[in-house]
Amino acid sequence: MTPTVEYLEQKFDYYNQLCFEGQLIRPPFRLTRNVKTLGATRFHTRYHLFKGRQYYDLSIEITTRYDFPEDKLIEILVHEMIHYYILSHNWTDNTAHGQLFTAKMKELNSRFGLHITKQYRPDDNELIHRTGKWRTICILEFTDGKRGVMIPPQKYLSRAGKMVEQMEQDDRLHIAAVRWYTTNREIFRKFTPCRTRLHWALVDPTRLNDYLTDAKPIQIP
Ligand SMILES: [Zn+2]
């Protein structure tokens, strides 16, 4: 699902009661189209003569770039709420996700069965659904049923294509078929692209069809 401001406000109120004893004042929410920063808590800093460092103008940003499962979206929101909670108290953590953050994160995870992490890592299903840049990929089908994924150098596709043809004819490699596709699915980000030599990674053949969701078969000349 993709969040709206009303949705975020509603969940903020709920988790404020559940996890923060209703102490937090609802901040402005902003929706972004960020690719890498899924959530962020923004603030300004000023120095008060007696109270020291103060944080003000706090707001929370959440990306609408992806169609997240709801539990993941909640984890991203509550993660930001921990930052917001710390800043609202004018506390300063020792690092971005330091002792204060970690202690609160662990407390909420154990008390409420949440899975908040310091750095959000999408799982395979999410990466299969996420779209990003287009890549040309090569799937190697081996005679024993194994499957390999190769991300050839995108600038040298025809050269790579010729080399793969030679590999196909090399009996020692036991390649039954070679298929080329273009895909914009982020799951292929997990594979190291080839640079100066061709290499591949074996993948679970039963998962490969999912990886190739909406991939377009192509010919490499
Ligand atoms: Zn964070």
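Remarks
- Residues in the range 112-152 that a label on residue 204 would reach, taking backbone N under 14 Å of a point 7 Å out along Cα→Cβ: 123-128, 147
- When each of 155/216; 51/118; 51/106; 118/190; 72/146 is checked by Cα-Cα distance, pairs over 22 Å: 51/118; 51/106; 72/146
- Working note: 222 nm ellipticity from helices only, DSSP H runs with n ≥ 4, each -39,500 (n - 2.57), summed and divided by the residues of the chain, gives -10500 deg cm²/dmol to the nearest 500.
- Shape annotation for the range 5-121: C-alpha extents along the principal axes are 46, 31, 25 Å, from largest to smallest.
- About its Cα centre, the dipole of the chain is roughly 940 debye, where the only charges are +1 on Lys and Arg Cβ and -1 on Asp and Glu Cβ.
- Between 0 and 90°, nearest 10: helix 5-20 axis offset from the chain longest Cα axis: 60 degrees
- Per-residue extension of 0.36 nm, minus the Cα-Cα distance of residue 189 and residue 7, leaves a gain of 62.5 nm for this segment.
- Model label zone, residue 166; criterion: amide N under 15 Å from point 7 Å along Cα-to-beta-carbon; scope the range 190-221: 196-199
Since every read-out is calculated from the coordinates, none of them should be taken as a lab result. Computed from a prediction, not measured in an experiment: that's the story for all the values here. All Cβ positions, even for glycine, are placed from backbone atoms using ideal geometry, and neighbour counts span all protein chains on display.
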